[in-house]
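The structure appears right after this line, and notes come after that.
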Amino acid sequence: MPNYKLTYFNFRGRAEIIRYLFAYTNTKYEDVRLDYEKDWPAQKDKYVFGKLPVLEIDGTVYFQSLAIGRYLAKKAGLTGKTDLDDLHIDAILDTIDDFILQFPWTADEKTIKEYIAKPGASLCSNLEKELGDKKWFAGDYVTWADFFWEVCSDSFEYYQSGFCKDYPNLFALKQRVRELPAIAAWIKRRPETPY
């Protein structure tokens, strides 16, 4: 079994999908959490491209949360059953990630609410249509795209309570992910952070 060391900031953020995948497979790892203001300025230059999260596997450092997630999802059996299923799953992941990359994380409250109200509503509406009446984005089986939706929508809840409540299929998907035994156990024991 490889030795894993995950390094990120002292909140959920981009590393939480990785933590979900570790939780789902009951994989042990070292969870290193840096204080953004206190630790990060002095350590930033140590990391590839000056960004986190990074995952160290047996001493080799890998970067980019979605690349790491894809690797771990394959190991966990949480990717598609076919190449076309993987194409669909990646399209869902990239769509959600596009929204995240443009999210005005450090803007004022009004700007954030406007972003959630317009692009956020568009994202939810389109994902709701894409999900339809299926149980999971891939249809009859759970994938890491479902996990990614839950992780990201949970982060948006910090800025707007009830972020996806008007989209019953997406809300139900979020709840199904949270009720998976390994994920429910992780949510119960994870450190409390604002997002």
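Take residues that are touching a helix residue (DSSP H, G or I) at 6+ places or on another chain (Cβ under 8 Å) and either under 24 Å from residue 74 (Cβ atoms) or among the charged types (D, E, K, R) (or both) and tell me which of the helices (runs of 4 or more DSSP H) falling wholly in region 93-195 contain 3 or more.
Hits in region 93-195: 121-131, 144-159, 168-179, 181-189.
Six or more apart or on different chains, Cβ under 6 Å: which pairs go from a residue in region 156-173 that's within 23 Å of residue 105 (Cα to Cα) to one that's modelled with pLDDT of 90 or more and among the aliphatic types (A, V, I, L, M)? Could you list them?
Matching pairs, first to second residue: 159/112; 160/116; 164/170; 170/127.
Look through region 2-27, keep the residues that are hydroxyl-bearing (Ser, Thr, Tyr) and part of a strand (DSSP E or B), and return whichever of them is nearest to residue 56 (Cα to Cα).
Applying the filter and picking the extreme gives 4.
Do you know which residues across region 103-139 are touching an Asp or Glu at 6+ places or on another chain (Cβ under 9 Å), closer than 14 Å to residue 167 by Cα and open to solvent by less than 20 Å² (accessible area, probe 1.4 Å)?
Result: 123, 124.
Say we look at region 153-195 and pick out the residues that are at pLDDT below 95, of a type outside the set (Ser, Thr, Tyr) and under 13 Å from the mean Cα position of the chain (by Cα); which of these is surrounded by the most Cβ atoms within 10 Å (Cβ to Cβ)?
Taking the candidates together, the pick is 156.
So which residues in region 63-99 are open to solvent by less than 70 Å² (accessible area, probe 1.4 Å), within 21 Å of residue 12 (Cα to Cα) and of a type in the set (A, V, I, L, M, F, W, C), if there are any at all?
Of everything in region 63-99, those that are open to solvent by less than 70 Å² (accessible area, probe 1.4 Å), within 21 Å of residue 12 (Cα to Cα) and of a type in the set (A, V, I, L, M, F, W, C) turn out to be 66, 67, 68, 72, 73, 76, 78, 92, 93, 96, 99.
Is there any pair linking a residue in region 28-40 that is aromatic (Phe, Trp, Tyr) to one that is in a loop (DSSP other than H, G, I, E, B) and open to solvent by 50 Å² or more (accessible area, probe 1.4 Å), with Cβ under 9 Å and at least six apart or on different chains, and which?
Every condition considered, the pairs that remain are 29/3; 36/10.
Under the condition of being under 18 Å from the mean Cα position of the chain (by Cα) and assigned to a loop (DSSP other than H, G, I, E, B), which residue from region 28-62 is farthest from residue 9 (Cα to Cα)?
29
The values are calculated or read from the model by the stated rules, or taken from the named source; none is laboratory data. It should be emphasised that the depicted structure is a prediction, and the values quoted were computed from it without experimental measurement. Here the Cβ is made from the backbone with ideal geometry for all residues, glycine too, and neighbour counts use every protein chain on show. Areas reflect the complete protein model, heavy atoms only, side chains present, ligands, DNA and RNA absent. Shrake-Rupley method; radii C 1.70, N 1.55, O 1.52, S 1.80 Å.
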